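The values are calculated or read from the model by the stated rules, or taken from the named source; none is laboratory data. All of these numbers come straight from a predicted model, not from anything done at the bench. Cβ placement follows ideal geometry from the backbone for every residue including glycine, while neighbour counts extend to all protein chains displayed. SASA here: full protein model, heavy atoms, side chains in, ligands and nucleic acids out. Shrake-Rupley method; radii C 1.70, N 1.55, O 1.52, S 1.80 Å.
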Amino acid sequence: MTIKPLIILPDPILRQVSKPVERVDSEIRKLAEDMLETMYDAPGIGLAAVQIGVMRRMLVIDLSKEGDPKEPQVFINPEILASSDDRSVYEEGCLSIPDYYAEVERPATVTVKYLDANGVEQTVEADGLLATCLQHEIDHLNGVLFIDHISRLKRDMVIKKFTKAARTKATI
Ligand code: NI
């Protein structure tokens, strides 16, 4: 397992649409392990493949509490089949937008179809934090970031801040 460097805002890679995984083979399982390792190291509770620069429709999530046994979950080619009308609000953050948090409103429950790490099709009806996390990560696969769900004023401020930081880093 390898910890990979994270892709950070405003890298244009984050705006690209990821491609479906054609076959769940050892290469894909290795990628899932690298993604989990990178997520645990950060640390974070969710990571999409694009965040380590791999344009594949794949994400990992672990919502276990600190100190409890790990509960890694791998979602390949996830697809939202249904979303509830009722909504919930969570304060979200993103490993590609470090140290920035904002409240985001999303459907409270989603039904998601996906392939697990063995290539077996699964369907989950998710609510609570898992519902929010799945929607946040699936957005990544479509080039969408959580800051796209906040006010334009706040979004522009965040993008400006990160663009400036990237430019400073580049000149040093
Ligand atoms: Ni994210």
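Dipole of region 12-171, Cα-centred, from +1 at each Lys and Arg C-beta and -1 at each Asp and Glu C-beta, to the nearest 20 debye?
On the way: 20 positive and 27 negative charges, 213 e Å.
The dipole magnitude comes to about 1020 debye.
One Cα centroid belongs to region 1-37, the other to region 111-163; the line between them spans 15 Å.
The trypsin sites (Lys or Arg not before Pro) found in region 1-80 that occupy coil by DSSP, while having at most 11 further C-beta atoms within 10 Å, are ARG23, LYS65, LYS70. Extension gain for ILE159 to THR171 (0.36 nm times residue separation, less C-alpha to C-alpha distance): 2.5 nm. Ordering LEU134, GLY119, VAL144 by the projection of their Cα atoms onto the charge dipole of region 107-172, which places +1 on the Cβ of Lys and Arg and -1 on the Cβ of Asp and Glu, puts VAL144 at the extreme positive end. Across ASP127, ASP86, ASP148, mean-square fluctuation computed from a Gaussian network of the chain (C-alpha pairs under 10 Å connected) peaks at ASP86. With all protein chains in place and a 1.4 Å probe, the accessible surface of the chain carries 51 percent carbon and sulfur. 3J(HN,Hα) along region 122-138: 10, 10, 10, 9, 9, 9, x, 4, 4, 4, 5, 4, 4, 5, 4, 6, 5 Hz, from the Karplus curve 6.51 cos²θ - 1.76 cosθ + 1.60 with θ = phi - 60°, whole Hz, x for Gly and Pro.
Taken one residue at a time, the phi angles of region 110-120 give Karplus couplings (6.51, -1.76, 1.60, θ = phi - 60°) of 9, 9, 10, 9, 7, 9, 7, 5, 9, x, 8 Hz. Gly and Pro are set to x.
Classify the chain: rounded, prolate or oblate, from the alpha-carbon gyration tensor (a ≥ b ≥ c, eigenvalue square roots; a/c under 1.5 rounded; otherwise prolate if a/b is larger than b/c)?
On the way: a/c = 1.64, a/b = 1.21, b/c = 1.36.
Because a/c hits 1.5 or more and a/b fails to exceed b/c, the chain counts as oblate.
Note on region 12-171: dipole from Cβ charges, positive end direction compared against GLN16, TYR101, LEU81; the farthest Cα belongs to GLN16.
Please calculate how many Å² of accessible area region 12-171 carries per residue, with a 1.4 Å probe and no DNA, RNA or ligand atoms counted. Don't jump to the answer; show the numbers that get you there.
Details: 8850 Å² over 160 residues.
It amounts to 55 Å² per residue over region 12-171.
In this structure TYR90 has an accessible area near 70 Å², from a 1.4 Å probe over the protein heavy atoms. Accessible surface ranking for GLU37, GLU92, 1.4 angstrom probe, highest first: GLU37, GLU92. When the chain is treated as a Gaussian network with alpha carbon springs shorter than 10 Å, the biggest mean-square fluctuation among PHE162, PHE146, PHE75 belongs to PHE162.
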